[in-house]
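I have placed the structure first, in the form of structure tokens, so that the comments after it can refer back to it.
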């Protein structure tokens, strides 16, 4: 069965629709042009997708093409290749370096051989269309717009945007998370998580040092906004007259139900991704150190173990199981996962709620020996609760046998 692939854009439709209402005619026209161009690309998608994966393995070789503000990718001119010298065009060099950073991150941290784990070549296209306010992954290549210069800048300037978009390719070649509703929001969240991790890895930042922002460089200086999204504080990336307030929720009680249409953001995939984003952030800071080493590994292995229609609950349960497989039952890593999902309103299946509450109390203790004592106490409580559940199951079985 062939899955329908969708264009994965970094800028969600609700932001572009806000710009359509702008009194500035240039801002309005740029937003309208971006929406119309993107809609046209979706029509070409089914044709282009049929050739995806046809190329032979190429050891992750990078090639950057210049669209020269045109909309035809096949007509773009070669601007820089793996063996060629740096370009005089900063956009070309930033795209080339960003693709390389993301490729090296996946190879060195997870042992992954490019996007498809088979050495897939990495193609990038810069200067796409005129005043194009977006960047996207189309299943074969990464495409960058220059922005309109008033609201958005050149999208090659944001390394986490590049990591985000290429991670859509990783997801496509692993779980293949369907791009709608919860599975689509999880798809977007995975891209935010690994886009941020690739940047953190390149800067050698700990979980505490990282900014946890996606796209802080995409806005012009005149726009009051921290970034497109914040994993640390979903719903607080921006709040201004141009865009309104960041609509991302950070808890299941605030889940936003939207139509599964292009205008409805395919069921709110860029909005509800705030919930699993927050869970990852809490897991990473709960474990501490470099986020890609433990939290990132748990999420990566959970992605590979997921499937097309995986929901938030399924993924949360998988991360809990993977934390145990990778780092041991009742360890700090598994407890961090447990507490993080509970804080965003998702209870791990089969784990009594009291264990999550106990984990939260332990995490609030002082560091060092006090923290270790809290974890030891919590591990003991998990063992006791597990024994109680086992005994109860035996009692139920015995009662059934007497009938």
Residue count, the range 290-348, condition in contact with a helix residue (DSSP H, G or I) (Cβ under 8 Å, 6 or more places away or on another chain), more than 25 Å from residue 255 (Cα to Cα), part of a helix (DSSP H, G or I) and touching a residue at least 40 places away in the same chain (Cβ under 8 Å), comes to 3
Identify the single condition in (1) assigned to a loop (DSSP other than H, G, I, E, B); (2) surrounded by fewer than 22 Cβ atoms within 10 Å (Cβ to Cβ); (3) at negative phi that residue 235 does not satisfy, given that it satisfies every other one. (3)
Tell me, yes or no, whether the range 196-206 has at least one residue that is touching a strand residue (DSSP E or B) at 6+ places or on another chain (Cβ under 7 Å) and either more than 18 Å from residue 344 (Cβ to Cβ) or crowded, with 24+ Cβ neighbours inside 10 Å (or both). yes
Taking the criterion of being outside any loop (DSSP other than H, G, I, E, B), touching a helix residue (DSSP H, G or I) at 6+ places or on another chain (Cβ under 9 Å), surrounded by fewer than 23 Cβ atoms within 10 Å (Cβ to Cβ) and modelled with pLDDT of 95 or more, would at least one residue in the range 147-154 satisfy it? no
Does the range 156-165 contain at least one residue that is in contact with a helix residue (DSSP H, G or I) (Cβ under 8 Å, 6 or more places away or on another chain) and over 30 Å from residue 287 (Cα atoms)? yes
Yes or no: residue 8 modelled with pLDDT under 95 and touching a strand residue (DSSP E or B) at 6+ places or on another chain (Cβ under 6 Å)? yes
For the condition surrounded by 13 or more Cβ atoms within 10 Å (Cβ to Cβ) and either modelled with pLDDT of 95 or more or in a loop (DSSP other than H, G, I, E, B) (or both), what is the one hit in 54, 31? 31
Looking at the range 103-145, which of its residues are assigned to a loop (DSSP other than H, G, I, E, B) and farther than 18 Å from residue 40 by Cβ? 111, 112, 113, 114, 115, 116, 117, 118, 119, 120, 121
For the range 180-226, enumerate the residues that are within 13 Å of residue 163 (Cα to Cα), over 10 Å from the mean Cα position of the chain (by Cα) and in a helix (DSSP H, G or I). 198, 199, 200, 201, 202
If only one of 289, 267, 296, 345 is at positive phi, modelled with pLDDT of 95 or more and within 18 Å of the chain's Cα centre (by Cα), which one is it? 267
Residue 241 meets each of (1) more than 15 Å from the chain's Cα centre (by Cα); (2) closer than 21 Å to residue 316 by Cα with one exception, condition (2)
Residue among 118, 42 that alone is modelled with pLDDT under 95 and over 18 Å from residue 131 (Cα atoms): 42
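The values are calculated or read from the model by the stated rules, or taken from the named source; none is laboratory data. Small disclaimer: the values here were computed from a predicted structure and weren't measured. Virtual Cβ from ideal backbone geometry, glycine too; neighbours counted across all protein chains shown.
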